[in-house]
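Novice: Here it is: the structure, laid out below.
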There are 2 protein chains.
Amino acid sequence: MYIILVYDVNVKRVNKVLKIARKYLTWVQNSVLEGELTEATLKKLQRDLSKVIDPNEDALIFYKLPDGKNLSRETIGTQKGKETWVL
Amino acid sequence: MYIILVYDVNVKRVNKVLKIARKYLTWVQNSVLEGELTEATLKKLQRDLSKVIDPNEDALIFYKLPDGKNLSRETIGTQKGKETWVL
């Protein structure tokens, strides 16, 4: 399963969220990470992140695709993430 | 074509970017908009946005899918966008 995680969290919690998310996914740009995960690993990531966010204030959106095959990405402007995750 | 736009721009330019992007896509949460666009409309949106960003500092990522069929979305935490764009 291909995952795009977009987070919108209070600046006080960004580092914690990023530290956890980077164990599972590749950082793309501020508030965006991507990568291939199994259902079980996704659930673990979600549990870990749920422990550090404030659900009344923070938002995590997980876009899920069966695979990354049909997904393409086009960047305009500066390339912030590593190129290693090119689709 | 289904589009997820994620932007990482200098705070000075966020309002301009958002004002343009909202003409084409639905706001989901900070720095994320989504929607169905034709190739031509996408190109127009990209041209419009290119005029207001600083390509050396700002980044716009357009995730493109042939359609939204295989895309699912799971939110943890607070729901910031409108529910009307439920996939």
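Read-outs: derived from the displayed coordinates by stated rules, not from any lab. Everything quoted here is computed from the prediction, not taken from an experiment. We place every Cβ from the backbone using ideal geometry, glycine too, and count neighbours over all the protein chains shown.
Novice: Mean separation of Cα pairs under 8 Å and 6+ residues apart, divided by the residue count of chain B: what relative contact order is that in percent?
Specialist: Worked out over chain B, it gives 44 percent.
Novice: Also, I was wondering about something else. From the phi of every residue in region A:34-41, what ³J(HN,Hα) in whole Hz does the Karplus formula 6.51 cos²θ - 1.76 cosθ + 1.60 yield, where θ is phi - 60° and glycine or proline is x?
Specialist: 9, x, 8, 9, 7, 4, 5, 5
Novice: Quick one: which residues, 5 or more positions from residue A:9 or on another chain, have an amide H under 5 Å from its amide H? H modelled 1.01 Å from N in the peptide plane, none for Pro or chain starts.
Specialist: A:59
Novice: Mind checking which lysines have their Cα closer than 18 Å to the Cα of residue B:51? Skip sequence neighbours fewer than 8 apart in that chain.
Specialist: Answer for residue B:51, where 18 Å is the Cα cut-off: B:12, B:16, B:19, B:23, B:43, listed by chain and number.
Novice: Also: Give the order of A:20, A:61 when sorted by the count of other beta carbons within 10 angstrom, beginning with the fewest.
Specialist: The fewest-first ordering by Cβ neighbours comes to A:20, A:61.
Novice: Considering the convex hull of the alpha carbon atoms of region A:2-69, report its projected area averaged over all viewing directions, in nm², one decimal.
Specialist: With every direction weighted equally, the projected area is 4.2 nm².
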